[in-house]
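So the structure is just underneath, and the comments pick up after that.
The values are calculated or read from the model by the stated rules, or taken from the named source; none is laboratory data. Fair warning: this is a prediction, and the values are worked out from it, not measured in the lab. Note that we place each Cβ from the backbone using ideal geometry, even for glycine, and neighbour counts take in every protein chain shown.
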Ligand code: SAH
């Protein structure tokens, strides 16, 4: 990070703007908006500066010194902006200010900037500042435009409303953790909805009722969020997953959750890895169940983040069973399961009018070196079979499917780390897939897709 973003209180402070052109005027206007006292030094000024000078709101805070720059004008200044069209003058300002340790910005010359003015989205008291570090102001402006639609003007009212009730909430809820929870639930709930929809009075009424009626202990109770993190690409998270990820106190995650997804978890949350290798033991699972329970009982908001969907080969059911027994509140958030995400990103539709009318998900995980599956069901025609955890048992899988009547040249795909930048798709036949896997040595996680639909990969593949 080349620049530290800070928000400065410029009320009652002096700032100097050197230059009388439009750029200088725009910078002066920004300083005035932040309630600074501004002095413009320039032998002549453009229409825009003149308009500022004539604006009665700024009457007492804006002055024009009709002169060229002199270092004596730096006395008492907090910030200096040089925006003349004369590079020599700009340099002179920069050097004189530097000698006095005054932070300076020279317009359009990043190498002579101690600070830069960001692109600002003003929803005061909410203010978003975006900077490209001087590299591309246009990119920063485009981003601001996008945020503008995301953060409508009513956020300003919402910010003010929270500000008004801050002290009252502080008086009611003694602990900072309770307050954080209270505000999080208020801001995600009907109060926000009312403000954003322009129902101000209803918002106030609802907020007051919530302050009255919310019991201390309701804010102390722990909860578990069992959340599907999808197959890897963070763009495949649900909004709900992201919201809960942003409010967790502690996170238990495993091997399948991508680092890009983990990067979206609330920064202050404690991260605990409970990764499991291929052959995982039931004791380890018991330990995880217990960990979730203990942390929730301690009043924490526990995020159990699982690859894909928590209810598809994810042991999600087991993890929440203990919580249900102990009456710990929990929520389950579905995720995009590997079959769905990986097939899409491989250009292999799982069903297709011409090739496949049903789709089966199975686990290919070996138990004592064996695969105990309903083979007859898996070799049905016009069906796609997706095998999770199938790499280690691929030899057996291939043999058994053929023994039960699947044709040897049934198309089959092996996909490594689907939806991520390391995705690789190999296609072959069910008879030859084991050989291919030995040769290619794919990196986990891998998924097998078996069925006529695999042929479509050549035509429909889009992601690389
Ligand atoms: N609950 C998860 C599945 C857990 S089982 C889900 O719904 O997706 C773990 C198996 O999922 C892996 O062995 C692999 O077969 C499959 N898998 C998960 N993510 C994958 C990915 N990005 N690419 C390929 N296979 C994946």
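Overview of results
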read-out	value
All positions within the stretch 4-21 that are surrounded by 14 or more Cβ atoms within 10 Å (Cβ to Cβ) and either part of a loop (DSSP other than H, G, I, E, B) or touching a helix residue (DSSP H, G or I) at 6+ places or on another chain (Cβ under 7 Å) (or both)	10, 13, 15, 16, 17, 18, 19, 20, 21
Hey, residue 5 in contact (Cβ under 8 Å) with a residue 24 or more places away in the chain and within 20 Å of residue 114 (Cα to Cα) or not	yes
Within the stretch 241-251, considering residues that are in contact (Cβ under 8 Å) with a residue 40 or more places away in the chain and more than 16 Å from the ligand (Cβ to nearest atom), the one surrounded by the fewest Cβ atoms within 10 Å (Cβ to Cβ)	243
Among the residues listed as 387, 332, 360, the single one being modelled with pLDDT of 95 or more, within 16 Å of the ligand (Cβ to nearest atom) and buried (at least 21 other Cβ atoms within 10 Å of the Cβ)	387
Residue within the stretch 398-418 that is touching a strand residue (DSSP E or B) at 6+ places or on another chain (Cβ under 8 Å), closer than 29 Å to residue 306 by Cα, free of Cβ contacts under 8 Å to residues at least 60 places away in the same chain and surrounded by fewer than 19 Cβ atoms within 10 Å (Cβ to Cβ) present	no
Scan of the stretch 370-384 for residues that are touching a strand residue (DSSP E or B) at 6+ places or on another chain (Cβ under 8 Å) and exposed (fewer than 15 other Cβ atoms within 10 Å of the Cβ), ordered by number	377, 380, 382
Test: residue in the stretch 170-187 that is at pLDDT 90 or above, within 16 Å of the ligand (Cβ to nearest atom), assigned to a loop (DSSP other than H, G, I, E, B) and surrounded by 15 or more Cβ atoms within 10 Å (Cβ to Cβ)	no
Test set (1) away from the ligand (no atom under 16 Å from the Cβ); (2) surrounded by fewer than 20 Cβ atoms within 10 Å (Cβ to Cβ); (3) modelled with pLDDT of 95 or more; (4) assigned by TED's automatic domain parsing to the domain that holds residue 247 - residue 302 fails condition number	(2)
Long-range neighbours under 8 Å by Cβ, at least six apart or interchain, first residue on the phi > 0 side of the Ramachandran plot within the stretch 342-367, second in a loop (DSSP other than H, G, I, E, B)	347/461; 347/462; 347/463
Scan of the stretch 419-448 for residues that are more than 31 Å from the chain's Cα centre (by Cα) and either within 16 Å of the ligand (Cβ to nearest atom) or assigned to a helix (DSSP H, G or I) (or both), ordered by number	426, 427, 433, 434, 435, 436, 437, 438, 439, 440, 441
Qualifying residue in the stretch 342-357 (condition: over 21 Å from residue 417 (Cβ atoms), surrounded by 19 or more Cβ atoms within 10 Å (Cβ to Cβ) and touching a strand residue (DSSP E or B) at 6+ places or on another chain (Cβ under 9 Å))	yes
Yes/no for residue 455 being farther than 24 Å from residue 355 by Cα, in contact with a strand residue (DSSP E or B) (Cβ under 7 Å, 6 or more places away or on another chain) and surrounded by fewer than 20 Cβ atoms within 10 Å (Cβ to Cβ)	no
Candidate set from the stretch 404-418 (those that are under 22 Å from residue 371 (Cα atoms) and near the ligand (Cβ under 7 Å from one of its atoms)); member that is nearest to the chain's Cα centre (by Cα)	416
Residues of the stretch 227-240 classified as at pLDDT below 95 and either buried (at least 18 other Cβ atoms within 10 Å of the Cβ) or within 13 Å of the ligand (Cβ to nearest atom) (or both), total	0
Residue that is part of a helix (DSSP H, G or I) and surrounded by fewer than 16 Cβ atoms within 10 Å (Cβ to Cβ), where the choices are 158, 147, 207	147
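Every residue, every condition in (1) within 11 Å of the ligand (Cβ to nearest atom); (2) over 19 Å from residue 250 (Cβ atoms); (3) modelled with pLDDT of 95 or more, yes or no:
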site: 306; (1), (2), (3): yes, no, yes
site: 313; (1), (2), (3): yes, yes, yes
site: 327; (1), (2), (3): no, yes, no
site: 351; (1), (2), (3): no, yes, yes
site: 355; (1), (2), (3): no, yes, yes
site: 380; (1), (2), (3): no, yes, yes
